[in-house]
1. Name, by its number, the condition in (1) under 25 Å from Ala32 (Cβ atoms); (2) out of contact with any Ser or Thr (no Cβ under 6 Å at 6 or more places or on another chain); (3) in contact (Cβ under 8 Å) with a residue 40 or more places away in the chain that does not hold for Gly77.
2. Residues in the range 147-164 that are within 30 Å of Phe28 (Cβ to Cβ), open to solvent by less than 50 Å² (accessible area, probe 1.4 Å) and assigned to a helix (DSSP H, G or I): how many?
3. Kindly indicate which of Ala81, Ala109 is over 18 Å from the mean Cα position of the chain (by Cα), open to solvent by less than 20 Å² (accessible area, probe 1.4 Å) and closer than 14 Å to Ala65 by Cα.
4. Look at Gly137 and say whether it is part of a helix (DSSP H, G or I), over 26 Å from Gly34 (Cα atoms) and free of Cβ contacts under 8 Å to residues at least 60 places away in the same chain.
5. Which condition number does Phe60 fail, the rest of (1) of a type outside the set (A, V, I, L, M); (2) open to solvent by less than 30 Å² (accessible area, probe 1.4 Å); (3) without any contact (Cβ under 8 Å) to a residue 60 or more places away in the chain; (4) farther than 26 Å from Asp3 by Cα being met?
6. Check Gly51, Gly77, Gly46, Gly24 and return the single one that is modelled with pLDDT of 85 or more, in contact with a Phe, Trp or Tyr (Cβ under 9 Å, 6 or more places away or on another chain) and more than 20 Å from Cys147 (Cα to Cα).
7. For the range 17-44, name all the residues that are touching a Gly at 6+ places or on another chain (Cβ under 9 Å), under 19 Å from Leu154 (Cβ atoms) and open to solvent by less than 80 Å² (accessible area, probe 1.4 Å).
8. Mind counting the residues in the range 124-146 that are open to solvent by 70 Å² or more (accessible area, probe 1.4 Å), more than 24 Å from Leu170 (Cβ to Cβ) and either at pLDDT below 90 or not aliphatic (A, V, I, L, M) (or both)?
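The values are calculated or read from the model by the stated rules, or taken from the named source; none is laboratory data. Everything quoted here is computed from the prediction, not taken from an experiment. Every residue, glycine as well, gets a Cβ built from its backbone with ideal geometry; the counts of neighbours run over all protein chains shown. Please note that ligands, DNA and RNA were not included when accessible areas were found on the heavy atoms of the full protein model with its side chains. Shrake-Rupley method; radii C 1.70, N 1.55, O 1.52, S 1.80 Å.
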Amino acid sequence: VLDTALHDGTGSYRWSTYLYNGFGYPLFEFYAPGLYFVAELFYSLGASLAGAFKLTIVAFTVMRAVADYSWVRRYCGSFGALLASALFVLSPYYAFNVYTRGDFGEHAAGALGLLALNLLDKILVEGRNVGRWTWLGFVITYAALVCTHNISALLFTSLFVFYGLGTVLLGKSGPKGA
């Protein structure tokens, strides 16, 4: 649907011309399109529609596992991070969410939210020494989170606010008490 909306010449992806018996429907006004833009990227690179969607799910799974490993490693070391990352990928909730519920947007938002948490943690711990690229990465990742799953974005925003307040008020101890 997104591919057709992008290539039908209307200039907007929000109006899906061929839905609702050809009258059109503003599908992406109500449903976050972020996940589908990633699938569109794989599709435009030559994958089939189903293959592009599968590659998108695999990409977000790998992103979540790497982001999970990166964040936990700061506080629990390499073994704890590897264990946490493996437990996430093998967790029943992950399998239920992807294979039964089919809530791919929530799955993608989990990866983006944890990546944004990694960047926020780096910003809070390093303070003024953090580079512009980290800030830019956080902003882009947060924007992608909002465009991927609205409810998860709301929950992660609360997490970011409380995590940031806790880090500032309780002190910036940094990774492993350093």
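1. Checking Gly77 against (1) under 25 Å from Ala32 (Cβ atoms); (2) out of contact with any Ser or Thr (no Cβ under 6 Å at 6 or more places or on another chain); (3) in contact (Cβ under 8 Å) with a residue 40 or more places away in the chain, the one that fails is (1).
2. To start, the set of residues in the range 147-164 that are within 30 Å of Phe28 (Cβ to Cβ) comprises 147-161.
With open to solvent by less than 50 Å² (accessible area, probe 1.4 Å) added as a condition, the list becomes 148-149, 152-153, 156-157, 160.
Next, only the ones that are assigned to a helix (DSSP H, G or I) stay: 148, 152-153, 156-157, 160.
Residues in the range 147-164 being within 30 Å of Phe28 (Cβ to Cβ), open to solvent by less than 50 Å² (accessible area, probe 1.4 Å) and assigned to a helix (DSSP H, G or I): 6 in total.
3. Working: Ala109 fails: over 18 Å from the mean Cα position of the chain (by Cα).
The conditions single out Ala81.
4. Numbers: part of a helix (DSSP H, G or I): yes; over 26 Å from Gly34 (Cα atoms): no; free of Cβ contacts under 8 Å to residues at least 60 places away in the same chain: yes.
It is false that Gly137 is part of a helix (DSSP H, G or I), over 26 Å from Gly34 (Cα atoms) and free of Cβ contacts under 8 Å to residues at least 60 places away in the same chain.
5. (4)
6. Values: Gly77 fails: in contact with a Phe, Trp or Tyr (Cβ under 9 Å, 6 or more places away or on another chain); Gly46 fails: in contact with a Phe, Trp or Tyr (Cβ under 9 Å, 6 or more places away or on another chain); Gly24 fails: modelled with pLDDT of 85 or more.
Going through Gly51, Gly77, Gly46, Gly24 in turn, the sole match is Gly51.
7. Correct list: Ala32, Gly34, Leu35.
8. Total satisfying the criteria: 2.
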